[in-house]
Amino acid sequence: MQRVLGFAIATIAFSTLSGTPAVAHTSAWAESADIAAGEQRAAPLDVAALLTAARGAPPIICSLASRAIRGYGWGDRSDAPSTPLGSIVSTTSYNFERDRFPTEDVQRLLAGLSSDDGCVREMSVRLIGTQKPEVVASDLITRLASPDQSLRSIAALGLGLVEAPTAIDPLIRTLRDAAADVRANSAWALGRIDDNGRALKPLVALFGDNAEQVREAAVVAVGRMDSVSTVAALVRVVSHDDSPRVRRVAAWALGELEAHDAIDALGAALAHDADPGVREMAAWALGSIEDRRAVAPLATAIRQDSEDKVRETAVWAIGQLEDRSALDILGAATTDKSARVRGTAAWAIGQLDEESGAKAPPGLLRLLNDPEPDTRLKAAWALGQIQDAAALPALRDALRDEKNDRVRRALIRGLMKSGERSEATMTQLLSSADPQIREAAVRGLAGRNSFDPWPWPWPRPRPFP
């Protein structure tokens, strides 16, 4: 029954948002890819019908529908500390924008912020967040002074969504609110709005707040403000805060700020923090700062950390440093039990500073036979970067046995960049049924080895808070 209800609610929500009648939309459900891709529709949004449909909807369905609403500006607004639906989040987003709402619809939405229904409040604030700040900011600022705690919280959320510059001072005052969710949303909003650092001092003061969500929101906000004056305070947080979530975002903020003064503290967090998420972020931050003093703690993590994601991020960070003195460390990582670590190690070896006459590490050659295609792909790419003619036999053998098309093309790239001119190999490549393989061979014969990045084996996405 809930699945049927969910389908019905989603149908109403999407049909209302897209301007397509619900019955027609249901009958054409299979053709909704254009909506999923974010295509805009010309028909106006029926706000009254949407809010009526939202009332009483199951929270997870409302969360999915609310995430469909985005306005202008950066981010998908999914990281706000406190929303009317609380901790229920969706991984589904639809990206489309709307023109300015008529005045009567804006007033409906503002009234919806006070609804006794969480879904109505959520939809109202998300739709308000699609409007320009000059349309809604003053009304939201007025609601920051409401005696209703939930209305103050949602007003701060709305001001962050619309990124209203006029709200900076009112939000700074609201950082002292008695309610934790109001303080947290105000800090989050200031991180989105304040680009001149007026809120830095009061935000840093919140690093000692007794509510975890407030400290976390304040740290993230400071990390987005790009001011090195906060490094010492962030170091204290990453070293001493009781919450792993707060320590993790403090490590992220230090990486964002490229805080060279934080190398020791981040190295200590990487070595000793009990939470793997904190250690992972500390490794990411050390790679982002790009200070070669980080090689030692990263190397220790690669050898000793029990968590695959920490070792992988440490390997990525070594690659960011592009320090050839770390080649042995990366070579050892090619034997890691995790395929992701092994693949990222291959990528990192390919990232190291180019050196005339460089030799391919034996571990990298072994990865040409790794069970995982992605690892083999990155190994072939890295060998193309190194351009070691001594690797040609291993590349030829791997090409003969390889079945994966992407890996085969990477191997051809490695062969060409390493100086392949074997008549047998070239005949095989030029007679291939794959036009991309034939093209690569022709490029190589012509001395045009500039088919970078083909294929470009990026490592996995780095961890963000």
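Using the average count of surrounding beta-carbon atoms within 10 Å as a protection proxy, the listed peptides 429-435, 270-276 rank, highest first, as 270-276, 429-435. Here the Kirkwood formula puts the hydrodynamic radius of the range 150-288 at 14.7 Å, using every distinct Cα pair. Sorted ascending by nearby beta carbons within 10 Å, beginning with the fewest, Phe101, Phe464 become Phe464, Phe101. For the residue pairs Lys132/Lys201; Lys309/Lys403; Lys378/Lys417, the alpha carbons lie more than 18 Å apart in Lys132/Lys201; Lys309/Lys403.
Peptides 155-162, 110-117, 362-369 ranked from most to least packed give 155-162, 362-369, 110-117, packing being the mean of other C-beta atoms within 10 angstrom over each peptide's residues.
Annotation for Gln149 and Arg324: the two label points, set 7 Å from Cα along the Cα-Cβ direction, are 6.2 nm apart. The length gained by stretching the chain between Arg292 and Asp308 to full extension, at 0.36 nm per residue less their Cα-Cα distance, is 3.5 nm.
Annotation for Glu423 and Ala389: the two label points, set 7 Å from Cα along the Cα-Cβ direction, are 1.9 nm apart. With a Förster radius of 30 Å applied to the beta-carbon distance between His260 and Ala211, the computed FRET efficiency rounds to 0.45. Averaging the Cα positions of each part gives two centres, and for the range 99-157 and the range 286-315 these lie 45 Å apart.
Length gained on full extension, Lys201 to Asp116: 27.0 nm, using 0.36 nm per residue less the C-alpha separation.
Once the Cα-Cα distance is subtracted from the 0.36 nm per residue extended length, the Gln436 to Thr335 segment shows a gain of 33.2 nm. Sorted ascending by nearby beta carbons within 10 Å, beginning with the fewest, Thr344, Thr427 become Thr427, Thr344.
Bear in mind these aren't lab numbers, they're just calculated from the coordinates by the rules spelled out. Computed from a prediction, not measured in an experiment: that's the story for all the values here. No Cβ is skipped: glycine too gets one built from the backbone with ideal geometry, and neighbour counts run over all protein chains shown.
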